[in-house]
1. Which order do the peptides 134-141, 263-270 come out in when sorted by mean C-beta neighbours inside 10 angstrom, highest first?
2. So, by mean Cβ neighbours within 10 angstrom, what's the order for 9-16, 222-229 with the highest one leading?
3. Just want the answer: with Cβ charges of +1 for Lys and Arg and -1 for Asp and Glu, which residue in Y19, Y297, I322 is farthest toward the dipole's positive end in the chain?
4. Using a Förster radius of 35 Å, what is the FRET efficiency between S284 and Q153 based on their Cβ-Cβ separation? Nearest 0.05, please.
5. Need the list of aspartates and glutamates near K131 for cross-linking: C-alpha distance under 13 angstrom, and skip anything on the same chain fewer than eight residues off.
6. Using the basic label-point model (7 angstrom from Cα toward the beta carbon), what is the L296 to E161 distance in nanometres?
7. Hey, rough spin-label estimate for A62 and S311, points 7 angstrom out along Cα→Cβ, what's it come to in nanometres?
8. On the protein heavy atoms, probe 1.4 angstrom, tell me the percent of accessible surface of the chain carried by carbon and sulfur.
Amino acid sequence: MSERQFMKRRWIITGANGYLGGELCKGLDLRGENVLGVIRSGRQLIDQKVTGKSCYTYEKLAATLLPSDILVHCAGKTGSEGTWEEFLRINVEWPLQLFDQAVEKGVTCFIYVSSVAALGYRNRTDDNPLKEDAEPRLAPGELYGRSKLLAEQALQNRAKEEKIRLVILRPGLIYGHRWLGKKQTWLRRGVLVDPYLRVPLVHVDNFLDALYLAASKTEAAGIYFVVDDEQPPLWELNRKKIVLGLMRFQPWRIGVSGFLVLNAVRMFVRVIRGQFRALPNGYSMAQFYFQTRRLLYSTEKLSTCVGWQPSIKLKDGLAECIGQEITTQNYLPLVKNA
């Protein structure tokens, strides 16, 4: 890519009204990039200058795509509740539709923001950090991770037949620039099943660096984990949060037996409230794997290919969250067209 072509590129960011999409829009704008945010009709925008100035709805997106654009799809359905049909429609069919639009318009780079959840949260027999080609181990109730993996596979199959560069980024838990704490009391301390479960954090600015480098390196393609070097056990992360004032107490440790009892109580309450049908099959087992995961992720591939190194350390990233509580004030009106 020549310097002239490099300067003309434009970033198309889906989910611009969400946390990650909004942060990417603002971060790229601060770097002097040309950014276009994309949102669904009827959605509001949290106070952010970029998407307030240049924002399209998905219905208008196809008409504005250019070959020099970098289309970054980070919108989707998260969480652990809902039907498989919802996850399939939003997390699989939707990115495939956007990919087809990008191909039709001659876009040369499509970046799909997936998740480490695509490999599942079930522990492996060894402690070696997982690499991108590790075998997925997904429980039936891990619908989010399953939908992300299916989208990855479908996009890779389509990219083989098209002249488009596909980059798939698998971030861990993205944090930064927002409040991480909760109002904790001695009684309402929360619970944890396994204090040694690993938390694969990645600061949003570190993720932005990875995105920027992966897009700029024309040889970068395929799947990359994006996780900070520090992937602390939960007890250590909570201790850091207590020191910084983001938490007051370590959560109650209930262990596996306590998890089973608590889960049974929650299921009973859901049945009483008529909410049980909203849970997918295998939900309880998926939650157990999530609460007891001790997985580490290797970023050697990303570092080797594009030279990425996380610049913001965990302590500094947590410290900046103090006092950064997000409110619903200062909303901008919906901007349908640029």
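The values are calculated or read from the model by the stated rules, or taken from the named source; none is laboratory data. Only a predicted model underlies this, so the values are computations on that prediction, with no experimental measurement involved. Ideal geometry is used to build each Cβ from the backbone, glycine not excepted, and the neighbour counts take in all protein chains shown. Protein only, heavy atoms only, side chains kept; ligands, DNA and RNA dropped before computing areas. Shrake-Rupley method; radii C 1.70, N 1.55, O 1.52, S 1.80 Å.
1. Working: 134-141: 16.4, 263-270: 12.9.
Sorting 134-141, 263-270 by mean packing, highest first, produces 134-141, 263-270.
2. On the way: 9-16: 23.9, 222-229: 21.9.
Top to bottom by mean Cβ count within 10 Å: 9-16, 222-229.
3. I322
4. Details: r = 27 Å, r/R0 = 0.77.
E(calc), rounded to 0.05, equals 0.85.
5. Of all the aspartates and glutamates, those that pass the test against K131 - Cα under 13 Å, at least 8 places apart if same chain - are E300.
6. Inter-label distance under the simple model: 4.2 nm.
7. 3.9 nm
8. Values: 8920 of 17330 Å².
The value for the chain is 52 percent carbon and sulfur by accessible area.
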